[in-house]
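*Asks:* My questions all concern the structure below.
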Amino acid sequence: MKKIGLPLFLVFVGIAFLLMSSEPATPVIYIIGDSTAAQKDTTQGKLERGWGMMLHEFFDDGVRVENHAVNGRSSRSFYAEGRWQKVIDKVKPGDYVIIQFGHNDEKPQPDRHTDVGTTFDAHLAQYVIETKAKGATPILMSPMTRRNFYLKPPKQDDDEKLRETTFKGEHVNSDTLVDTHGAYRYVARRVAQQYGVPFVDANKISHDIEQKLGVEGSRKLHMWVEPGIYSWAPKGRQDNTHYNIYGARVMAKALAKAIGKAVPALKSHVRR
């Protein structure tokens, strides 16, 4: 048998490489946002989870999910700290970027605070503009609701401090979930309409889930931990913002379904 010469062999290798490199890359769904979506420390049996950690469970292998949401960040601080730059540098045409802020934009600290109608809108718009410039699709989401069945919501200067709470039970005076976000929950929809990009009303979705479960049932979604069970929370914990494993999975499933409706190209990738 006649041997193939080295030049011809290199041609075959080059053709094979071109064919392999011409295969379309798997689209990535990037998530940027706050602690309701964020990656969590799961060591020592810790139970807190962000819905972004679970979202991949509800999409098939036709897309990949990368969660870059971080505890305590607002639309301002996520950008100012350079976290957004690390994400947008990776984004390529055909990818998707879920943008969800609000919990910490409400906070008074100047490094996090933004105002409705001006700086909050402007920061969300900046993420949208830069995502579109990369040929990717931005998906704006309103903030997740807080579990609050009290007519006058407790002042929450920092949701991160909820990890320092102790279990003590609660007093409620409403059978209906009471909003804590005010006008912040409407901004993502407004910016999405302005730029013609997909919008998912995560605030309503999470509100309806909490409301359906009611005062007692909705506790099962959150970091309600009785004392004396876990070494990482010896006095227990009572947190109505952050999710446990079950809660994060429930929210992620509902959000995945809504994403499929808002973005037709992703609908076929949502697991039933």
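The values are calculated or read from the model by the stated rules, or taken from the named source; none is laboratory data. Since the model is a prediction, treat every value here as computed from it, not as a measurement. Cβ sites come from the backbone with ideal geometry, for glycine too, and all protein chains shown count toward neighbours. Keep in mind that these areas ignore ligands, DNA and RNA; they rest on the heavy atoms of the full protein, side chains included. Shrake-Rupley method; radii C 1.70, N 1.55, O 1.52, S 1.80 Å.
*Asks:* If you take the residues in region 88-105 that are within 17 Å of the chain's Cα centre (by Cα) and farther than 14 Å from residue 33 by Cβ, which one is surrounded by the fewest Cβ atoms within 10 Å (Cβ to Cβ)? Let's see the steps before the verdict.
*Replies:* So the first thing to find is which residues in region 88-105 are within 17 Å of the chain's Cα centre (by Cα), and the list is 88, 91, 95-105.
Next, from what is left, pick out any that are farther than 14 Å from residue 33 by Cβ: 88, 91, 95.
On the way: 88: 18, 91: 21, 95: 21.
Applying the filter and picking the extreme gives 88.
*Asks:* Moving on to the next point. Which residues, counting only those in region 177-196, are touching a helix residue (DSSP H, G or I) at 6+ places or on another chain (Cβ under 6 Å) and open to solvent by 20 Å² or more (accessible area, probe 1.4 Å)?
*Replies:* Across region 177-196, the qualifying residues are 185, 195.
*Asks:* Is it true that residue 87 is in contact (Cβ under 8 Å) with a residue 24 or more places away in the chain, under 17 Å from residue 251 (Cβ atoms) and not small (Gly, Ala, Ser)? Write out each step before concluding.
*Replies:* Numbers: in contact (Cβ under 8 Å) with a residue 24 or more places away in the chain: yes; under 17 Å from residue 251 (Cβ atoms): no; not small (Gly, Ala, Ser): yes.
Considered against the rule, which asks whether it is in contact (Cβ under 8 Å) with a residue 24 or more places away in the chain, under 17 Å from residue 251 (Cβ atoms) and not small (Gly, Ala, Ser), residue 87 comes out as no.
*Asks:* Here is a further query. In region 200-251, which residue that is open to solvent by 60 Å² or more (accessible area, probe 1.4 Å) and among the basic types (Lys, Arg) is nearest to residue 49 (Cα to Cα)? Step through it out loud before you land on a result.
*Replies:* The initial filter retains those residues of region 200-251 that are open to solvent by 60 Å² or more (accessible area, probe 1.4 Å), namely 204, 208, 212-213, 216, 219-220, 226-231, 234-235, 246, 249.
The next check asks that each one be among the basic types (Lys, Arg); those that pass are 204, 212, 219-220, 235, 249.
Values: 204: 20, 212: 21, 219: 15, 220: 13, 235: 20, 249: 9 Å.
So the residue we want is 249.
*Asks:* Inspect all residues belonging to region 64-73 and state whether any of them is in contact with a Phe, Trp or Tyr (Cβ under 8 Å, 6 or more places away or on another chain), β-branched (Val, Ile, Thr) and either crowded, with 21+ Cβ neighbours inside 10 Å or farther than 25 Å from residue 266 by Cβ (or both).
*Replies:* Within region 64-73, none of the residues are in contact with a Phe, Trp or Tyr (Cβ under 8 Å, 6 or more places away or on another chain), β-branched (Val, Ile, Thr) and either crowded, with 21+ Cβ neighbours inside 10 Å or farther than 25 Å from residue 266 by Cβ (or both).
*Asks:* Now for a separate question. Any idea which of 46, 107 is more than 25 Å from residue 184 (Cα to Cα) and of a type in the set (Lys, Arg)?
*Replies:* Values: 107 fails: more than 25 Å from residue 184 (Cα to Cα).
After ruling out the rest, the residue left standing is 46.
*Asks:* Now, a different point. Is there any pair linking a residue in region 258-272 that is without any contact (Cβ under 8 Å) to a residue 12 or more places away in the chain to one that is open to solvent by less than 90 Å² (accessible area, probe 1.4 Å), with Cβ under 6 Å and at least six apart or on different chains, and which?
*Replies:* What qualifies is 260/266; 260/270; 267/260.
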